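These notes are about the structure you will find just below.
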Amino acid sequence: MSSAVSWPVAQIRRAVEPALPGLAVEVLAQIDSSNSELMRRARDGRMDPVLLIAQRQTAGRGRMGRQWVSGDGATSSLAFSVGLPLSPSDWSGLSLAVGLGIVQSLHPDLRLKWPNDIWWHERKLAGILIETASVGAARYAVVGVGINIGMRDGTGLATPPAWLQELLPGIDAPAALLRMAAPLMRTIKTFEMHGFAPFRDGFNERDALHGLEIALSDGTFGIAQGVDDSGALQVRTAVGLTRITSSEISVRARHGR
């Protein structure tokens, strides 16, 4: 991505100040992964709140170690990570809450695919990766987000990716981030205070899997029935309603969904 891209750093700082005072906003021209960089900093004892924007990622990571490489240009992709000390009573459902905060700030037609993806018309538009580092008694959360802004190459993928300009023609990465920054910070702080429960209904309204027959990684099939107050996916199987958590299982919809 060109260094000439103009990022609204001052506007972002002002927008997020009420929810997260003192948040630093940094822009790096190129890095392996914004998540990896903030995790390295945390392990070195640098645990101040920061929004790190990667103009280009060479080794971005998704869930289960999948690679996500950002494109070049403000109209290609957006990759950023938020790092901050966080102390919720229950961490369950954080990625779902983050996803909801993002889609609510971008477009009403976006949907959420449990547990980490944002979909549009059954195609992946964005992904979320959450990691934590413990330093002494403190715990530092890193919330990474990667969004396709412009058309992306779908070579080798079973389903071509979606991109934000399909819904919002002309939008670029800086404008998308400015729309998301404050709602995302409010979401994270609300989650810290109240957990996932306040987000349950909003997630279920946007649930891309609800009512679909899905396949679990252990070979079980069932019908997705939304999420509970902890963010666990509820699946109606042959033996009854089963709760699935992201740490136990991966979910893929049948019939190519």
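Side notes on the structure shown:
- In the range 15-46, residue farthest from A138 (Cα to Cα) [restricted to those that are in contact with a helix residue (DSSP H, G or I) (Cβ under 9 Å, 6 or more places away or on another chain) and surrounded by fewer than 13 Cβ atoms within 10 Å (Cβ to Cβ)]: P18
- The set of residues in the range 148-161 that are under 29 Å from W91 (Cβ atoms) and surrounded by 23 or more Cβ atoms within 10 Å (Cβ to Cβ) contains only N148.
Table: residues versus (1) more than 15 Å from the chain's Cα centre (by Cα); (2) free of Cβ contacts under 8 Å to residues at least 40 places away in the same chain.
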position	(1), (2)
V82	no, no
W120	no, no
G146	no, no
M151	yes, yes
L168	yes, no
A176	no, no
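- Qualifying residue in the range 14-22 (condition: assigned by TED's automatic domain parsing to the domain that holds I128, under 14 Å from I53 (Cβ atoms) and touching a strand residue (DSSP E or B) at 6+ places or on another chain (Cβ under 6 Å)): no
- Selected residue (only one of E213, E166 is touching a Phe, Trp or Tyr at 6+ places or on another chain (Cβ under 9 Å), of a type outside the set (V, I, T), assigned by TED's automatic domain parsing to the domain that holds T237 and surrounded by fewer than 23 Cβ atoms within 10 Å (Cβ to Cβ)): E213
- Positions within the range 81-108 being part of a loop (DSSP other than H, G, I, E, B) and closer than 25 Å to I12 by Cα, in sequence order: L86, S87, P88, H107, P108
The values are calculated or read from the model by the stated rules, or taken from the named source; none is laboratory data. Because the structure is a prediction, the values reported are computed rather than measured. Note that each Cβ is placed from the backbone with ideal geometry, even for glycine, and that neighbours are counted across all protein chains shown.
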